[in-house]
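Beneath this line is the structure, given in structure tokens, with notes to follow.
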Amino acid sequence: MVSRSPELLVAILGILKAGGAYVPLDPIYPKDRIGTILEDTSAPVLLTDKAVADALPESAERVYVDSDWSVIAQESAEDLPRSASPENLIYVLYTSGSTGKPKGAQIEHRNVTNFLASMLRKPGLAPEDVWLAVTTLSFDFSVLELYLPLLAGAGVVLASREQAADPEQLQELLAASKATADRK
């Protein structure tokens with residue numbers, strides 16, 4: 001549960017490089033929903049930042065991606081061995097649940113890899129492109145918005161929650177970012 005920032009992308013890539021899977025928690029979720037998801041997943045570590053941490057129940061160990069860099073820097077800088085296989089989970093998204101209880105949809109690496117390989121072919125993305133990412137991490141489309149530009153060597157600009165929700169701010173960011181991905 002990290003604010004929409006460059007640290008969000010760094011956190012996700014760090015989880016994946018460590019061979020883990022992530023469970024996106026939207027800071028606007030009710031505290032009870034977040035607690036239910038954390039309990040269901042038995043998440044041993046929660047990556048967050050000071051801006052959204054108050055919305056969290058007291059449960060998992062927390063690593064603050066905006067303020068724990070001195071602690072993080074003490075870890076080894078050596079590359080980790082590759083441990084993910086196509087069948088490993090990459091993330092788990094929680095639905096609202098027709099029964100009222102959230103249910104986790106488990107997504108494997110092979111699903112994301114196939115999807116992104118297809119999207120690289122058509123519609124495609126070039127290194128000179130810029131993608132404006134506006135989707136919450138708790139929605140599948142965020143995978144395309146975040147990973148496709150990285151795979152293509154293109155740029156990605158993360159809209160804040162406020163920018164994504166306000167048409168005027170979004171229009172300003174669209175112009176300032178010089179996004180090109182919408183022209184395909």
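Tell me, what % of the accessible area of the range 47-152 is carbon and sulfur with a 1.4 angstrom probe?
55 percent
Hey, rough spin-label estimate for Glu75 and Thr136, points 7 angstrom out along Cα→Cβ, what's it come to in nanometres?
2.7 nm
Helix-derived [θ] at 222 nm for the chain: sum -39500 (n - 2.57) over DSSP H runs of at least 4, divide by residue count, nearest 500?
-10500 deg cm²/dmol
Based on the Cβ-Cβ distance from Leu89 to Lys178, what FRET efficiency comes out when R0 is 41 Å, to the nearest 0.05?
0.70
Given R₀ = 45 Å, FRET efficiency for Glu128-Glu162 by Cβ-Cβ distance, to 0.05?
Rounded to the nearest 0.05, the efficiency is 0.95.
At a Förster distance of 25 Å, what's the computed FRET efficiency of Asp32 paired with Asp66, Cβ-Cβ distance as r, to 0.05?
0.50
Using alpha carbons only, how many degrees (0 to 90, rounded to 10) separate the axis of helix 31-41 from the longest principal axis of the chain?
Tilt of helix 31-41: around 80 degrees.
Give me the angle, in degrees from 0 to 90, between the Cα long axis of helix 141-152 and the longest principal axis of the Cα atoms of the chain, rounded to the nearest 10.
With both axes taken from Cα atoms, the answer is about 60 degrees.
With viscosity set to 0.692 mPa s and temperature to 37 °C, compute the Stokes-Einstein D of the range 29-184, Rh being the Kirkwood radius across alpha carbon pairs; µm²/s, no decimals.
Result for D is 180 µm²/s.
From the residues Val45, Ser83, Ser3, which one has its Cα farthest along the dipole of the chain in the positive direction, the dipole being from +1 and -1 charges on Cβ of Lys/Arg and Asp/Glu about the Cα centre?
Looking along the dipole axis, the top candidate is Ser83.
Longer than 32 Å from Cα to Cα, which of Lys101/Lys122; Lys17/Lys178; Lys31/Lys178 are they? Say none if no pair is.
Lys101/Lys122; Lys31/Lys178
Measuring with a 1.4 Å probe in the full set of protein chains, what accessible area per residue, in whole Å², belongs to the chain?
It amounts to 59 Å² per residue over the chain.
The values are calculated or read from the model by the stated rules, or taken from the named source; none is laboratory data. Here the structure is a predicted model, which is why all the values come from computation and not from measurement. Note that each Cβ is placed from the backbone with ideal geometry, even for glycine, and that neighbours are counted across all protein chains shown. Each accessible area value is taken on the protein alone, full model and side chains, heavy atoms only, with ligands, DNA and RNA left out. Shrake-Rupley method; radii C 1.70, N 1.55, O 1.52, S 1.80 Å.
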